[in-house]
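Notes follow once the structure below has been shown.
The values are calculated or read from the model by the stated rules, or taken from the named source; none is laboratory data. For clarity, every value in this text was computed on a predicted model and none was experimentally measured. Here the Cβ positions follow ideal geometry from the backbone for every residue, glycine too, while neighbour counts run over all protein chains shown. Quick note on the areas: whole protein, heavy atoms, side chains included, nothing else; ligands and nucleic acids left out. Shrake-Rupley method; radii C 1.70, N 1.55, O 1.52, S 1.80 Å.
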Amino acid sequence: MQLLVVEDDPSIADALCAGLVREGFTVQHVATGAAALAAEPGDLVLLDLGLPDLDGRVVCRELRAASAVPIIVVTARGDEIDRVSLLEIGADDYVVKPFGFRELVARIGAVLRRTTVGADTSADAGKIDTIDLGWLQIDARRRRVEVDGSEVSLTPKEYDLIAYLASDAGAILHREEIIRRVWDENWWGSTKTLDVHVASLRKKIGADRIRTVRGVGFGLADDGDDGRRADGSP
Ligand code: CA
């Protein structure tokens, strides 16, 4: 596993990188936003938001626009961090300075596990290689989604969300279960995060494709393309 550590404070960076190397990671360290954007992101990026040259949020958004690499943002205590907006810039998780090294390693492990779900043999929805609902095709190995025959560009979390909903299309899946599967059992955000992602997904795939049962959860339409509706509705 190769990590890109973006941290301008040498006293933090030296200890952090040495610790991560001891944990078995290959570590590349850069100290500026510009260097981060020019670097090979590897398997995961640890991104300090307080950088000398660029706003860390801008760096995060640009990293996310360029690749699906998981990003853990490092914030300073007292930073005005709106957690939903952190998600919107594409961060997968965050830690607040000063953080414990063990905590950080655990977060890295959790993010890597859940972001590689579509690509390996985990017990989650990623077991299914392809899903075909007629209007929706998902190729889990390539994390590609087509709606009505056209490829749709999704963020990594939007992809995880639609893949999970599609694994049981037609059913209403509970909010807590969706959050647990798509994010993390220890998810730090409010459940508003889920609504934000559902809203952005609806914009991309069509509002009526995701059904809402208020206070309960969401379900993906398995519309007219097949007749398997158990309720026998016309
Ligand atoms: Ca800093």
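Placing a label point 7 Å from the Cα of Val96 along the Cα-to-Cβ direction, the residues of the stretch 49-76 with a backbone N closer than 18 Å are 49-50, 72-76. Each label point was placed 7 Å from the Cα along the Cα-to-Cβ direction; for Asp168 and Glu151 their separation is 3.1 nm. Ranking Lys203, Lys157, Lys192 from most to least accessible surface, computed with a 1.4 Å probe over the protein chains only, gives Lys203, Lys192, Lys157. Note on the stretch 127-220: with neighbouring protein chains present and a 1.4 Å probe, carbon and sulfur make up 45 percent of its accessible heavy-atom surface. Compactness of the stretch 127-220, taken as the C-alpha radius of gyration over 2.2 N^0.38 Å, stands at 1.01. Rolling a 1.4 Å probe across all protein chains gives Tyr164 an accessible area of roughly 20 Å².
For the stretch 4-76, the carbon plus sulfur part of the accessible surface works out to 55%, probe radius 1.4 Å.
For the stretch 2-99, the share of DSSP beta bridges that are antiparallel, to the nearest 5, is 5%. When you work out D = kT/(6 pi eta Rh) for the stretch 2-99 at 10 °C and 1.306 mPa s, using the Kirkwood radius from C-alpha pairs as Rh and the Stokes-Einstein form, the result is 120 µm²/s.
Our compactness index for the stretch 130-175, the C-alpha radius of gyration over the empirical 2.2 N^0.38 Å, is 1.08.
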